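Participant: A single structure is presented below for examination.
The values are calculated or read from the model by the stated rules, or taken from the named source; none is laboratory data. Given the structure is predicted, the values throughout are model-derived calculations rather than measurements. Note: ideal-geometry Cβ built from the backbone for every residue, glycine included; neighbour counts use all protein chains shown.
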Amino acid sequence: MAASMLLPFFSVTDANGTGSDNPHELEESEESEESEEELRGFTTDSDSSDEEEKFEVEPIDIGKLPTVAKDDAVLQKKLERAKRQPTEDRGVLYIGRLPHGFFEDQLRGYFSQFGNVTRLRLSRNKKTGNSKHYAFLEFDSFAVAEIVAETMDNYLIMGHILRCKLIPKDQVHPQLWVGANRKWRKVPRARVARAAHNKKRTTDEQEKAEERLLKRQKARKRKIAEAGIDYDLDPVGYKRR
């Protein structure tokens, strides 16, 4: 399964302990809430990964963003207590509505202020490689992940209100981490297309291509005749080898 697979079926749990068993309901609610946010002026750009094809998105300088864990003394104490708790359980978060330029390095760098991020996967468009604006993070402590979900859900960052939900341990998709912790490298699509176009064809492929050419040429002749045009296409047309 590709790294940019669809959102897996899991139940996300918010800070109040409520959740939805249907990820499609979650996405629909996000769309309606995003429309309301745009009306209130929270965000002015679209989250569509297709639009990013028109321009190169610069990575965000996370050094300019507020450090939530360091600026809040109460939160600091909660995190310190959580880190002291002996645990073998890791906590997995779904993070949605990520701003443009929030890529793998930025996600790891920003969320590491809360604790140790063990795994990370940013969902990307299969065709273009552009961010789909949601990701999955795993902390080495379930208690820390709970605090992060409580703190960062509905947090306003760069004009986007983040969605940060804790995924129950028994509902983490087995294929969730396929492609995790890998750095994205842009595919040279022009070079790939050129190589595919110029590759040496087999005899069978050449014969099929020839048949297609002759079929199109025959159809073109018929259309010319039906239009009442007296034109002989044979001298300039394609001939069977």
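Participant: Determine which single condition Y231 fails, assuming it passes every other condition in (1) within 30 Å of P99 (Cα to Cα); (2) at pLDDT below 90; (3) among the aromatic types (F, W, Y).
Facilitator: The single condition Y231 does not satisfy is (1).
To keep it simple, each residue is scored yes or no on (1) β-branched (V, I, T); (2) within 21 Å of R97 (Cβ to Cβ); (3) outside any strand (DSSP E or B); (4) in contact with a Leu (Cβ under 8 Å, 6 or more places away or on another chain).
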residue: R121; (1), (2), (3), (4): no, yes, no, yes
residue: K165; (1), (2), (3), (4): no, yes, no, yes
residue: R185; (1), (2), (3), (4): no, no, yes, no
residue: V192; (1), (2), (3), (4): yes, no, yes, no
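Let's see how each residue does on (1) at pLDDT below 85; (2) in contact with a Ser or Thr (Cβ under 9 Å, 6 or more places away or on another chain); (3) under 26 Å from K183 (Cα atoms):
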{"position": "P23", "(1), (2), (3)": "yes, yes, no"}
{"position": "E34", "(1), (2), (3)": "yes, yes, no"}
{"position": "T44", "(1), (2), (3)": "yes, no, no"}
{"position": "S48", "(1), (2), (3)": "yes, no, yes"}
{"position": "F55", "(1), (2), (3)": "yes, no, yes"}
{"position": "I62", "(1), (2), (3)": "no, no, yes"}
{"position": "R81", "(1), (2), (3)": "no, no, no"}
{"position": "Q85", "(1), (2), (3)": "yes, yes, no"}
{"position": "L93", "(1), (2), (3)": "no, no, yes"}
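Participant: Go through the stretch 121-160 and report how many residues are under 19 Å from the mean Cα position of the chain (by Cα), buried (at least 20 other Cβ atoms within 10 Å of the Cβ), within 22 Å of D61 (Cβ to Cβ) and among the hydrophobic types (A, V, I, L, M, F, W, C).
Facilitator: The number of residues fulfilling the criteria is 3.
Participant: Do the conditions hold for E150, that is, is it acidic (D, E) and more than 17 Å from L93 (Cα to Cα)?
Facilitator: No: the conditions fail for E150.
Participant: Here is a further query. Hey, any hits in the stretch 96-105 for a residue that's in the same structural domain as P59 (by TED's automatic domain parsing), within 23 Å of P66 (Cα to Cα) and surrounded by fewer than 18 Cβ atoms within 10 Å (Cβ to Cβ)?
Facilitator: yes
Participant: Let me ask something else. Kindly indicate which of E138, E150, E146 is in a strand (DSSP E or B), on the phi < 0 side of the Ramachandran plot and of a type in the set (D, E).
Facilitator: E138
Participant: Pick from the stretch 224-241 the residues that are surrounded by 10 or more Cβ atoms within 10 Å (Cβ to Cβ) and either touching a residue at least 12 places away in the same chain (Cβ under 8 Å) or under 48 Å from the mean Cα position of the chain (by Cα) (or both): which of them is farthest from D204 (Cα to Cα)?
Facilitator: Of everything passing the filter in the stretch 224-241, L233 is farthest from D204 (Cα to Cα).
Participant: Let me ask something else. Got a number for residues in the stretch 97-119 being in contact with a helix residue (DSSP H, G or I) (Cβ under 8 Å, 6 or more places away or on another chain) and either without any contact (Cβ under 8 Å) to a residue 12 or more places away in the chain or assigned to a helix (DSSP H, G or I) (or both)?
Facilitator: Summing the residues that are in contact with a helix residue (DSSP H, G or I) (Cβ under 8 Å, 6 or more places away or on another chain) and either without any contact (Cβ under 8 Å) to a residue 12 or more places away in the chain or assigned to a helix (DSSP H, G or I) (or both) in the stretch 97-119 gives 4.
Participant: Something else: Of the residues that make up the stretch 188-208, is at least one at pLDDT 90 or above, more than 30 Å from E150 (Cβ to Cβ) and in contact with a Gly (Cβ under 8 Å, 6 or more places away or on another chain)?
Facilitator: No: zero hits.
Participant: Identify the residue in the stretch 176-219 that is touching a residue at least 40 places away in the same chain (Cβ under 8 Å) and surrounded by fewer than 12 Cβ atoms within 10 Å (Cβ to Cβ) and, among all such residues, is farthest from the chain's Cα centre (by Cα).
Facilitator: Checking each candidate, the answer is V187.
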